[in-house]
Amino acid sequence: MSNQTNSSIGDTLPQTRVGLFIDGEWIYDRPSCFEVLNPSNEQALYAVPGATAKDLERALAAAQKGFEIWRNTPPVERNVIITRAIALVRERAEMIARTITLENGKLIADARAEVERSASFFDWDMAQALRAYGTIVPGEAGMQKLILRQPIGPVAGFTPWNVPLSAPSRKISGALCSGCSIILKAAEETPSAAVAMVQCFEEAGLPKGVLNLVFGNPAEVSTTLIASPVTRMVTLTGSVAVGKHLTQLAGQAMKPVLMELGGHAAVIVCEGVNAAAIGRMALKSKIRINAQWCAAPGRFLIHESVYEAFVSAYVDAALEVRVLDGMDASADLGPVSSGRRLAAMQHLVDDAVSRGGKVAVGGARVGSRGYFFAPTLLTDIPLDAAIMTDEPFGPVAAAVPFKTLDEALRIANSLPVGLAAFAFTNTLEEAERLSRDLDLGVLSINHFGAPDPDTPFGGVRDSGMGREGGPWSLDAYMVSKTVLQKTARV
C-alpha cells in the first residue's frame, strides 16, 4: 500500500458558497455551526452558517406557501422545471464531484458516479409522477367512488455526510415529483453538494418556498421542524440512533416517516465457488466510497472449505491498494471522513486483537496527516467482537468460517439491523434458501451491486421503514383520498 498525505491536489475550494436557502433567498450572515475540514490533509476549508429559530420558522412558513403553489402545478409543468434543474446538475457534474471529494474524501471517480446516480433518481421519479394514477371503484348507479392520490404536504428531510448529493437527491426528488415542498437539513460536514443542487433548482425557476435548505444544531432543527403543524412527513437517511429519535419525535406529532438507516452487511460465500475471485471482488466492493456506504460488506462468512482461499485473495488485493488523496486519479482508497471515524477504525482493530483475533492485513493508520486507514481484514475473532456487532463505516472487515448454511444464516441474522447482504453460491437450492431466510431489505446474489432507481431500497427492523426507489418510489410522499360522490341533484 502507498500513501500520499501532503498532496495539494484537493486543496482548491469549491465554486459554491455555503449558505441557507429560505423562501428563495440565500442567507450567509449567520453564526457558524460547523467548520468543514478536508479529510485528506485536515485543513480547515470554511464555516457553515447555522439557522436561527426565526430562520426555521420562516422556512416552515415558506414551505407551506410553496406547497400551495406546487401542489396545484400540473405534473407535466413540474417536470419541465425539474428537467431544467437536473440538466444543470449534469452540466456542473465535475465541479460538484470535486466539491464532494474535497469535503468527503471519496475518490473523484466515485464522486462523479454519485452525481450521475443522483440525477437518475429524478429521471425515474419524474416518470413515476406521470403515472401516479387514482382509481375508480365500481359502484351502484348514481354513485362515483373515486380514490385520489395527492401530495402529502411539506416534508422535513434529513441527510448524512457520506453521500452528500445522493441522499439529498432522494428526498428532493421524492418530494418535488410528488407535488410536495421540502425543507432539507443537509449534513454540515459536507454541505456544498446540497447547496449546488439547490442553486440548480433556483436557476431552473422553481417557485419560492418549494425547496428550502438549512444547516444548524441537529437537535434544534429536528425538534422545530418535526413539531410544527406545517410538516406533514419526515424522512431521514442516517444512523439507527438518529432514526429512532426522529421517529419518536414524529410519532408524538402523529406524522409518517421514511427511514433509511444503518446496517452491517454480511457476505455469505458458500461451498464450491471460486473463493479467490470472490475475495478480490470483496475487497474492491468493501473499499468503494472509502468503505463509507450503508450497504458496504463488513462480515464475511465463508464456508470452511474455501475460507483460506478467500482470505488469501482478500489480503493480496488489499496489499495492492493505493491509499491516496481522493483527487488523485491513481487512488484506490481515500481517507475516512474525520478523526472520529479514524479512531473508530482503530478501536475495532484493538478490540479484536484483545479478544485473541488476528490482523490478516492492515490494522493501522496510514501516514500522519489526513484520516487515512489501511484496508483491514480481521480473522480468528469471536462473534461478540465489536467488528461483528457494530457497523464499521470504514475499511475494516472480518472473516469468519462456517460449516453449514444454517450456521451462516444464524450469524447473518443475529443483529437487530437488516439492510443489505451479499451471497455467492452455485446452487439454486442455496440461492432460494438465502433469498427466503435472510432477514433484510436487499440481497445481491453472485455480485456486489446495489439497487438502481427502478428497484426499492431500504431495510427491516432497526434498519428503518419504508422504501426509496422502484415502482412505489413516490408512495411515502403521497396520500390517498376517498371521494364518494352521488351524481343526483340535491
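Every number here is computed from the coordinates shown, using simple stated rules; none is lab data. Just so it is clear, the model here is predicted, and its values are computed rather than measured. In this analysis, Cβ positions are derived from the backbone assuming ideal geometry, glycine residues included, and neighbour counts consider all displayed protein chains.
Details
- Across every direction, the projection of the convex hull enclosing the Cα atoms of segment 260-365 has a mean area of 7.7 nm².
- Extension reserve of the Asp29-Arg17 stretch, reckoned as 0.36 nm per residue once the Cα distance is removed: 3.1 nm
- 0 to 90° range, to nearest 10: angle between helix 108-129 axis and the chain longest Cα axis: 40
- With at most 13 other Cβ atoms within 10 Å, longest stretch of the chain clear of loop chymotrypsin sites (Phe, Trp or Tyr not before Pro) (DSSP): 134-471
- Distance from segment 390-442 to segment 133-209 (C-alpha centre basis), Å: 34
- Over the Cα atoms of segment 265-452, the radius of gyration divided by the Kirkwood radius equals 0.95; this is the Rg/Rh ratio.
- Close amide-amide hydrogen proximity is noted between Leu419 and His264, Gly441, Val460, each under 5 Å apart and 5 or more residues distant or on a separate chain (H modeled in the peptide plane; Pro and chain starts excluded).
- If R0 equals 35 Å, the separation of the Cβ atoms of Leu146 and Ser414 corresponds to a calculated FRET efficiency of about 0.15.
- Label corresponding to percent of Cα pairs over 33 Å apart when calculated from the structure given, among (i) 40; (ii) 34; (iii) 45: (i)
- Value of relative contact order over segment 265-452, rounded to a whole percent, pairs C-alpha under 8 Å and six or more apart: 26
- Computed from Cα atoms, the angle from the helix 75-91 axis to the main principal axis of the chain rounds to 40 degrees.
- When the listed pairs Lys106/Lys284; Lys65/Lys244; Lys208/Lys255 are checked against a 23 Å cut-off, the alpha-carbon distance exceeds it for Lys65/Lys244; Lys208/Lys255.
- For Arg355, distant residues with modelled amide H under 5 Å away: none
- Other residues within the sphere of radius under 13 Å centred on the Cβ of Asp332, judged by their own Cβ, net out at +2 (K and R +1, D and E -1).
- With contacts taken as Cα pairs under 8 Å and at least 6 residues apart, segment 146-252 reaches a relative contact order of 35 percent.
- Averaging the sequence gap over all C-alpha pairs within less than 8 Å and six or more residues apart, then dividing by the number of residues, gives the chain a relative contact order of 20 percent.
- Alpha-carbon spread of segment 74-151, three principal axes, descending order, Å: 65, 22, 15
- The chain: angle of helix 218-227 to the longest principal axis, Cα-based, in degrees nearest 10: 40
- J(HN,Hα) series, segment 36-45, from Karplus relation 6.51 cos²θ - 1.76 cosθ + 1.60, nearest Hz, glycine and proline x: 7, 10, 7, x, 7, 9, 6, 7, 6, 9
- Trypsin sites (Lys or Arg not before Pro) within segment 384-483, DSSP loop, no more than 14 other Cβ atoms inside 10 Å: Lys403
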